[in-house]
1. How far apart, in nm, are the 7 Å Cα→Cβ label points at GLU234 and SER151?
2. With r defined as the distance between the Cβ atoms of ASN144 and ARG94 and R0 fixed at 45 Å, what FRET efficiency is calculated, to the nearest 0.05?
3. Under 11 Å from the 7 Å Cα→Cβ point of ALA184, by amide nitrogen: which residues of region 110-127?
4. Helix 113-128 sits at what angle to the longest principal axis of the chain, using alpha carbons and giving 0 to 90 degrees rounded to 10?
5. First check a/c for region 99-247, with a ≥ b ≥ c the square roots of the eigenvalues of its C-alpha gyration tensor; if it is under 1.5, answer rounded, and if not, answer prolate when a/b is larger than b/c or oblate otherwise.
6. For the pair VAL222 and VAL110, how long in nm is the line joining their label points, each one 7 Å along Cα→Cβ?
7. For the chain, give me the percentage of DSSP beta bridges that are antiparallel, rounded to the nearest 5 percent.
8. Compute a Gaussian network model of the chain, connecting alpha carbons closer than 10 Å, and tell me which residue from ALA93, ALA250, ALA184 fluctuates the most.
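Every number in this text was worked out from the coordinates using simple rules, so none of it is lab data. Note that the structure is a prediction, hence the values are computed from the model and not measured. Neighbour counts are summed over all protein chains in view; Cβ atoms, including those assigned to glycine, are modelled from backbone coordinates with ideal geometry.
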Amino acid sequence: MTVLITTPNGAVGRYLTEALRDRSDARFFVRSEAGAERLGEVRGEVFIGDASDAADVRGAVVGVDRLYLAHPFADDQAAVETRLGVAALEAGARRIVKLGARGFTGDGIVPDAVTGTHDAITERLRIAGVAELTVLRPDRFLQNFLPAAASLAEGTLADPAGPGARGYVDVRDIAAVALAELLAERPVGGEIEISGPQALTLSELADRFGAVLGRPVRYVDVPLDGAWRAALVERGIAPRVIDGLYGLYANYRREGVAGLGDGVQRVLGRPPRSVEDFAADLLVPALSGS
Ligand SMILES: NC(=O)c1ccc[n+]([C@@H]2O[C@H](COP(=O)([O-])OP(=O)(O)OC[C@H]3O[C@@H](n4cnc5c(N)ncnc54)[C@H](OP(=O)(O)O)[C@@H]3O)[C@@H](O)[C@H]2O)c1
């Protein structure tokens with residue numbers, strides 16, 4: 001059996017890499033030598049190529065039986081993931097575990113490009129006839145807040161997702177569910193909704209971070225205005241991607257209290273990790289630079 005891991009240095013993928021480091025039947029698809037180095041030592045094969053290049057994709061999927069399929073939100077996400085998935089099927093793969101995202105429910109929700117892209121990819125994979133397709137549908141990642149660790153330490157959690165409550169999830173749990181689905185001996189498939197143990201507002205999340213950090217942390221709403229857009233332009237983010245993120249955040253702001261997914265309990269037989277576990281294990285070390 002050969003398992004192909006895309007984005008093995010990515011938000012979820014890095015934990016799959018950790019778990020599969022010692023297996024000779026895992027193949028890791030990185031974009032560059034630098035990406036290969038970031039993986040560290042792995043027993044399996046490292047394939048260097050660009051997921052947006054058709055020839056590279058054909059090379060990456062040779063002999064693959066199972067595929068972990070992920071890509072960041074970008075103009076080419078639908079094309080990249082669809083091409084990878086279809087190429088893997090043509091190469092004989094039977095199982096795809098795709099990283100998707102939770103959909104929105106409730107009044108006033110407007111279709112957005114981020115969740116719409118996942119739906120479009122999923123539909124195309126189904127049409128392509130994949131035997132076993134698992135779509136992971138996680139809520140917002142707690143790890144999104146790691147780049148803002150310094151600001152949290154200074155007492156501010158600034159975020160544009162608005163006042164609603166969500167099941168912020170530790171990415172390590174998403175990876176654990178992905179791994180279980182990838183390696184299961186039994187047939188798998190279907191959609192798995194994944195969230196943390198409870199729905200929290202950003203104020204409640206800030207309080208919990210503050211309790212672990214030992215100092216008050218205050219939530220500051222970031223309006224989706226020109227300044228928000230200008231800050232993303234400054235970071236080099238493409239205008240179409242900014243439009244997509246705008247639509248996504250606008251839906252977060254509209255949704256109110258998001259429902260919770262039971263995927264962690266259902267697949268792993270244990271509750272999801274708490275915010276406190278995340279903060280102690282990852283946020284505190286990020287602050288001390290370890
Ligand atoms: N963030 C959230 O809260 C959240 C919640 C639910 C769902 N999601 C979904 O999670 C998915 C992942 O998003 P993410 O932003 O966290 O990204 P990510 O999984 O961290 O992916 C980034 C990785 O993709 C690799 N990559 C990018 N373009 C590539 C290419 N052309 N060829 C090969 N590798 C390439 C990058 O490689 P390099 O290191 O070489 O650049 C990088 O390691 C998205 O589909 C998003 O909708 C996110």
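1. Each label point is offset 7 Å from its Cα along the Cβ direction, giving 1.0 nm.
2. 0.85
3. none
4. It is inclined by approximately 20 degrees.
5. Details: a/c = 2.22, a/b = 1.43, b/c = 1.55.
Verdict is oblate for region 99-247.
6. A separation of 2.0 nm, rounded to one decimal place.
7. Values: 2 of 33 bridges.
Counting DSSP beta bridges with both partners in the chain, the antiparallel share is about 5 percent.
8. ALA184
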